[in-house]
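I have placed the structure first, in the form of structure tokens, so that the comments after it can refer back to it.
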Amino acid sequence: MPMILSTPPKVVRSSYENHSLTFGAFYYKQGRYLYEYTPRTVDANDFFNYRKEVILKRKQSELQARALVKEQKDKAGGLLQLRIPIKSKAMESLFGEGGAGIKVSGYHRITFSGRSQWDDRASTSTFRQSKFPSLNMEQESRFDISGTIGTKITVSVSQDSKTDIPLANRIMLRYKGDEDDIIKTIEAGNTTLSLPNTRFVGYSSRIRGLFGVKAAAQLGPVKLTAIASQEKGTTERTSITAGATADKEFIRDYQFASGRIFDLGRIDSIQGISYAPDQIDFRPGDTITYLEVYRSAQGIRMGDNTAALQAEFYIDPLNPGDSAVSEVGVVQVESTEYYADFIEHWILFDRSNAGSQAEIGVFIIVKRADDGPLAGRIDTIGNIIPEENQPYILKIIRHKSPSPIQETWSYMWRNVYYLFDQ
């Protein structure tokens, strides 16, 4: 009988030496009641190959679905669709294989309206009313024409009577030569001109809105582009009258955005703060691969089935001593309530202190930098899949009553300020 998991499997341990990953999950999770699915350890290479195969099959299915949709659209046709085979060898050598075809789609709409107006005055020799309505006719059309001659010549025409922009109505005739032909492309109608970065021109540019003829050729290493065109464009003008007012506001240095941004640990690169080598949580080059955030759940009754989970907070869960905060109830902070920088190792909450007036803790999986004393090692900081009736182990980043004597005092950023237009 298949088992339905209440939470998706997560990596709980990894071994660089054994090249393995260990996954854990819960098949029942409600308040304090947790039933853990037996952890499974798999070879990292086998898991990578399995995920690669699943992704390739998914992409293949998506490509097949897209191809089917495109085929159905092509079969749907339009107002007119013709295919004319070309059986002449001379024509095939000039235009490429395949015949000629044209497809026309669009519409032409004609609208008639009329209005008749009169009053009850009597007609005289100098005044006569007509009850025949005054007629008004409006025409609206939009056409798209696409065609091919062999594999080398394509034609595209678009026309819309409702647009006032000349560039929206487009006509283009394009010839594309083979790879070994001297003449690479010939374009007539709407075209563009690209100027590459060269030794004498220190920038590249692309000019659009041209109408004319452009040809590109290549003779050995020499590439040639010739163009004869006129530039089309539109000019618009508007007037704006300023009506805003200016107000002056003062922000004092002590009015920073308290409780919004925190470091996720003791960082080696923080200026003005020095840690012993064995006390550094993150070094330059370390990358966080997984993060969960929890806040203390004050006011939630622990006896309820809906009560919070239990957790202990430590300054360094990798080297636990006395817990910074003994067992308390916690609830998980949704990932939509914060933004975390996995490279610089800090977190930004949408609400001050993540909406809590007490402790905040995190569970982290971090991949160490490829160079340095812990080169390439993967560390799991904390434990969110404990033994039965045991609390979570979390790394604390904020105490309930912050104080300068606490290790986490320096985690909160105190140089960030609100702007009044936010």
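Here, each number is a calculation from the coordinates, and none is a lab measurement. What you are looking at is a predicted structure, and each value in this text was computed from that prediction instead of being measured. Neighbour counts run over all protein chains shown; Cβ positions are idealised from the backbone, glycine included.
Taking neighbour Cβ counts within 10 Å as the exposure measure, how do S239, S352, S229 sort from fewest upward?
S239, S352, S229
Stretched out fully, how many nm does the piece from K89 to T238 gain, at 0.36 nm a residue minus the Cα gap?
47.7 nm
Using mean Cβ contacts within 10 Å as the protection proxy, how do 324-330, 50-56 order, highest first?
Values: 324-330: 18.3, 50-56: 10.3.
Descending mean neighbour count gives 324-330, 50-56.
Just subtract the alpha-carbon distance of A246 and Q406 from 0.36 nm times their residue separation and send over the number in nm, one decimal.
Between A246 and Q406, full extension yields an extra 53.3 nm.
If you plug each phi of segment 148-153 into the Karplus form 6.51 cos²θ - 1.76 cosθ + 1.60 with θ = phi - 60°, what whole-Hz ³J(HN,Hα) values come out, in order, with x for Gly and Pro?
9, 10, x, 9, 9, 10
For q values of 0.12, 0.22, 0.27, 0.29 Å⁻¹, compute log₁₀ I(q)/I(0) with the Debye formula on a Cα-only model of segment 357-417, without solvent.
At q = 0.12, 0.22, 0.27, 0.29 Å⁻¹ the computed log10 ratios are -0.47, -0.97, -1.04, -1.09.
Using θ = phi - 60° and the Karplus relation 6.51 cos²θ - 1.76 cosθ + 1.60, list the HN-Hα couplings for segment 128-134 in order, rounded to whole Hz, with x at every Gly or Pro.
With coefficients 6.51, -1.76 and 1.60, one gets 9, 9, 10, 8, 6, x, 7 Hz.
Please arrange L419, L394 by counting, for each residue, the other beta carbons lying within 10 Å of its beta carbon, fewest first.
Ascending Cβ contact count within 10 Å gives the list L419, L394.
Quick one: which residues, 5+ away or cross-chain, put their amide H under 5 Å from the amide H of G285? H built at 1.01 Å from N.
Result for G285 returns nothing.
Taking other Cβ within 10 Å of each residue's Cβ, how do R266, R351 sort, fewest first?
Lowest to highest Cβ neighbour count: R351, R266.
Per-residue counts of other Cβ atoms within 10 Å, averaged by peptide: what ranking do you get for 353-362, 38-47, 284-293, highest first?
Listed from highest to lowest mean packing, they are 353-362, 284-293, 38-47.
Using amide H atoms built in the peptide plane, which far-off residues or other-chain residues are under 5 Å from Y290 H to H?
Excluding prolines and chain starts, which carry no amide H, the hits are I365.
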